[in-house]
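Q: Have a look at the structure that comes next, please.
Quick note: the coordinates plus some simple rules give every number you see, no bench work behind them. These figures come from a predicted structure and were not determined experimentally. Heads up, the Cβs are rebuilt from the backbone with ideal geometry, glycines too, and the neighbour counts pull from every protein chain shown.
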Amino acid sequence: MSNLIQFFDHLENLDAESKYLVHKAREATTHSYAPYSKFCVGAALMLEDGTVISGANQENAAFPLCMCAERVALYAAASAHPGKAINKLAVVAHKKGHKELSAATCCGACRQVLLEFESRQKKPIEIIMLGAAGKWIKSSAEGLMPLSFGKEAME
């Protein structure tokens, strides 16, 4: 996938694998612990061998200790399947008690972590998320962070 950001008007316009990951991410929202924000976020990623790993946001009364769904899934994948590349990651969200999805793009911290994963595996991760305009978005972490901070800055 190139660094370009692609937009799709409807979920049905995405490829079958992406739609499947969106479905798995939606399922993951049921494991969300969001008593403060009431914003349930789920993520599902697919490794190069087809393994799917999901994660859900986990809140804490001390807000800096919260963990986004994307990072839960990424760290679970790295811990359980070290060395396996991540091909795709889908992120969805909804308000607690609602069925319809809300716009939810990756936060800056998750984008930075995704960028590190892309750098480590030396290949882009296709990221699928619902944007504020109600359009589905596909991009890579590098595409979402064109002026990013990486290990090159530390050399």
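Q: Mind listing the phi-derived Karplus ³J(HN,Hα) values for the range 27-39, rounded to whole Hz, using 6.51, -1.76 and 1.60 with θ = phi - 60°, and x for any glycine or proline?
A: Taking θ as phi minus 60°, the curve returns 4, 5, 4, 5, 9, 5, 10, 9, x, 9, 7, 6, 10 Hz for the range 27-39.
Q: Any idea what the dipole of the chain comes to, in debye rounded to 20, about its Cα centre with Lys/Arg Cβ at +1 and Asp/Glu Cβ at -1? Don't jump to the answer; show the numbers that get you there.
A: Numbers: 17 positive and 16 negative charges, 73 e Å.
With only Lys, Arg, Asp and Glu charged at Cβ, the dipole is about 360 debye.
Q: While we're here: List the aspartates and glutamates whose alpha-carbon lies under 16 Å from that of Lys123, not counting same-chain residues fewer than 8 positions away?
A: Glu48, Asp49, Glu142
Q: Another question, then. Go through the cysteines of the chain and tell me which have no other cysteine Cβ under 4.7 Å away.
A: Cys40, Cys66, Cys68, Cys107
Q: Build a GNM of the chain with springs between Cα atoms under 10 Å: which of Ala44, Ala103, Ala93 gets the top mean-square fluctuation?
A: Checking each option, the largest mean-square fluctuation is seen for Ala103.
Q: Still on this structure, I have one more. Using the structure shown, select from Lys24/Lys96; Lys96/Lys135; Lys95/Lys122; Lys38/Lys151 the pairs with a Cα to Cα distance greater than 26 angstrom.
A: Cα-Cα > 26 Å for Lys95/Lys122; Lys38/Lys151; rest within.
Q: I'd like to know which of Met46, Ser102, Gly143 lies farthest towards the positive end of the charge dipole of the chain, counting +1 on Cβ of Lys and Arg and -1 on Cβ of Asp and Glu.
A: The one lying farthest along the dipole's positive direction is Ser102.
Q: What does the charge add up to near Phe7, with Lys and Arg as +1, Asp and Glu as -1, over the other residues with Cβ less than 15 Å from its Cβ?
A: Details: positive: Lys135, Lys138; negative: Asp9, Glu12, Asp15, Glu126.
After counting each charged neighbour, the total is -2.
Q: Hey, what did the range 6-145 get for relative contact order, percent, Cα under 8 Å, at least 6 apart?
A: Relative contact order comes out at 23 percent.
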